[in-house]
Amino acid sequence: VVVGNVWESAANPLFDAMVRTYQVSFHGLSLFEVPSSTNRILVGLEGPLRLTREALVAQARRVERERGLPFRLGNMVAQRYRPLTRRLGRGRVLTDAGLGHDDLSLDE
C-alpha cells in the first residue's frame, strides 16, 4: 500500500498527473476527500481493490468501536471515499526520466 496526501486545487497543477501516475503504477486506487479542504488522500494497492464501499465502511466502523476513536471513521469513509476505477484521460504520467545527477543533488 502507498498513501499520498495531495492537493486538488489551482495551487497544484500536477494533480491530474499525480492521479494518473498512481493509476498506471497500482492495480487498485482509492481517493478520500478531506472535509473543508482541497486535500485528497490517494491509496494505491498492489492488487485490485476487492472491498466494496459497504465492506470498507463496515470495517471502518469496527475499527472505530474497537479502538474507541474520538471521531466517526465509518461516517468519514462513507461520505468521502471514492474508488478510482476509471483511468483519467488527462494528465501525463510522471517519471524521473530526464533528470540528471546534478538535478537531484542538494545545494549546500
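The table for this structure:
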| item | result |
| --- | --- |
| Those residues of segment 25-42 which are β-branched (Val, Ile, Thr) and at pLDDT 90 or above, in sequence order | Thr38, Ile41 |
| Some residue of segment 38-60 being within 30 Å of Asp96 (Cα to Cα) and of a type in the set (S, T, N, Q) | yes |
| Test result for Thr38, loosely packed, with under 14 Cβ neighbours inside 10 Å and farther than 18 Å from Leu94 by Cα | no |
| Unique residue being under 18 Å from Leu94 (Cα atoms) and of a type in the set (Ser, Thr, Tyr) when the list is Thr21, Thr52 | Thr21 |
| Filter pass, Arg61 being assigned to a helix (DSSP H, G or I), of a type in the set (D, E, K, R), modelled with pLDDT of 80 or more and touching a Gly at 6+ places or on another chain (Cβ under 6 Å) | yes |
| Any hit, segment 62-76, residues being among the acidic types (Asp, Glu), in contact with a strand residue (DSSP E or B) (Cβ under 8 Å, 6 or more places away or on another chain) and surrounded by 14 or more Cβ atoms within 10 Å (Cβ to Cβ) | no |
| Positions within segment 16-35 being out of contact with any Phe, Trp or Tyr (no Cβ under 7 Å at 6 or more places or on another chain) and surrounded by 15 or more Cβ atoms within 10 Å (Cβ to Cβ), in sequence order | Asp16, Ala17, Met18, Val19, Arg20, Thr21, Tyr22, Gln23, Phe26, Gly28, Leu31, Glu33 |
| Some residue of segment 48-65 being closer than 22 Å to Ala11 by Cβ, in contact (Cβ under 8 Å) with a residue 24 or more places away in the chain and in contact with a Phe, Trp or Tyr (Cβ under 7 Å, 6 or more places away or on another chain) | no |
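The values are calculated or read from the model by the stated rules, or taken from the named source; none is laboratory data. Keep in mind that what you see is a predicted model, and the values were worked out from it rather than measured. Virtual Cβ from ideal backbone geometry, glycine too; neighbours counted across all protein chains shown.
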